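Let me begin by presenting the structure, written as structure tokens, before commenting on it.
What follows is calculated from the coordinates using simple rules that are stated; it is not laboratory data. None of the values given here were measured: they were computed from a predicted structure. A quick note on method: Cβ atoms are made from the backbone with ideal geometry, for glycine too, and the neighbour counts reach across all protein chains shown.
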Amino acid sequence: MPMAHEEVMAMLDSMGISYAYDHFAEGESPDPPFICFLYPRSDNFGADNIVYTSANELDIEVYTNYKDPDLEEKIEEILTKNELYYEKSEVWIESEKLYEVLYTVMV
């Protein structure tokens, strides 16, 4: 059964860091660490010319000033507790001087 938006929000609350959908308003982003999340696409299965089942991709972008394995472990434990299989990638954003760890899950 897909995870409802309210359940996603409760899961993000349990991570204990500030978050916003897609982005924070300019000048209002908190000090790192913080999370931006969004649903960039869906993965639908069709039958008889209708969407038979649907799942949304959820991207959880975690921004930090430095590599933070403890925070990553905490987030991964929460995703696992919620029975969410995740893919993980990481990039250094030179212009922002921030690490972005991206968790991609289907909800």
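Enter the angle in degrees (range 0 to 90, nearest 10) between the Cα long axis of helix 69-81 and the first principal axis of the Cα atoms of the chain, meaning the one along which they spread out most.
20 degrees
Looking only at the chain, where both bridge partners belong to it, what percent of the DSSP beta bridges are antiparallel (to the nearest 5)? Walk me through the numbers on the way to the answer.
On the way: 27 of 30 bridges.
Here the share of antiparallel DSSP bridges comes out near 90 percent.
For region 47-53, what does the Karplus curve 6.51 cos²θ - 1.76 cosθ + 1.60, with θ = phi - 60°, yield as ³J(HN,Hα) per residue in whole Hz, taken in order and with x for Gly and Pro?
Listing the rounded values in order: 8, 6, 6, 9, 6, 7, 9 Hz.
From the phi of every residue in region 28-40, what ³J(HN,Hα) in whole Hz does the Karplus formula 6.51 cos²θ - 1.76 cosθ + 1.60 yield, where θ is phi - 60° and glycine or proline is x?
10, 6, x, 5, x, x, 8, 10, 10, 10, 7, 10, x
Placing unit charges on C-beta atoms (Lys and Arg positive, Asp and Glu negative, everything else neutral), compute the dipole magnitude of the chain about its Cα centre in debye, rounded to 20.
Values: 6 positive and 24 negative charges, 29 e Å.
Dipole magnitude for the chain comes out near 140 debye.
Go ahead and run the numbers for FRET between Lys97 and Ile50, Cβ-Cβ distance against an R0 of 41 Å, rounding to 0.05. Present the calculation step by step, with values, prior to reporting the outcome.
Details: r = 48 Å, r/R0 = 1.16.
The value I calculate is 0.30.
With the calculation restricted to Cα positions, what are the radius of gyration and Dmax of the chain in angstrom?
Considering the chain through its Cα atoms, Rg and Dmax are 15.0, 50 Å.
In terms of modelled amide H atoms, which long-range or inter-chain residues lie less than 5 Å from the amide H of Leu98?
Placed amide hydrogens put Ile93 under 5 Å from Leu98.
For region 13-79, calculate the relative contact order in percent as a whole number, restricting contacts to Cα pairs under 8 Å that are 6 or more residues apart. The partial results should precede the final answer.
Working: 80 pairs, mean separation 20.1, N = 67.
Computed over region 13-79, the figure is 30 percent.
Calculate how steeply helix 5-14 sits against the longest principal axis of the alpha-carbon atoms of the chain, using the helix alpha-carbon long axis, and give the answer as 0 to 90 degrees to the nearest 10.
30 degrees
Using θ = phi - 60° and the Karplus relation 6.51 cos²θ - 1.76 cosθ + 1.60, list the HN-Hα couplings for region 61-68 in order, rounded to whole Hz, with x at every Gly or Pro.
Result, rounded to whole Hz: 9, 9, 10, 9, 6, 8, 4, 10.
Would you grab the residues whose amide H sits under 5 Å from the one on Leu58? Only those 5+ places off in sequence or on another chain, please, with H modelled 1.01 Å from N.
So Leu58 has HN proximity to Val105, Met106, Val107.
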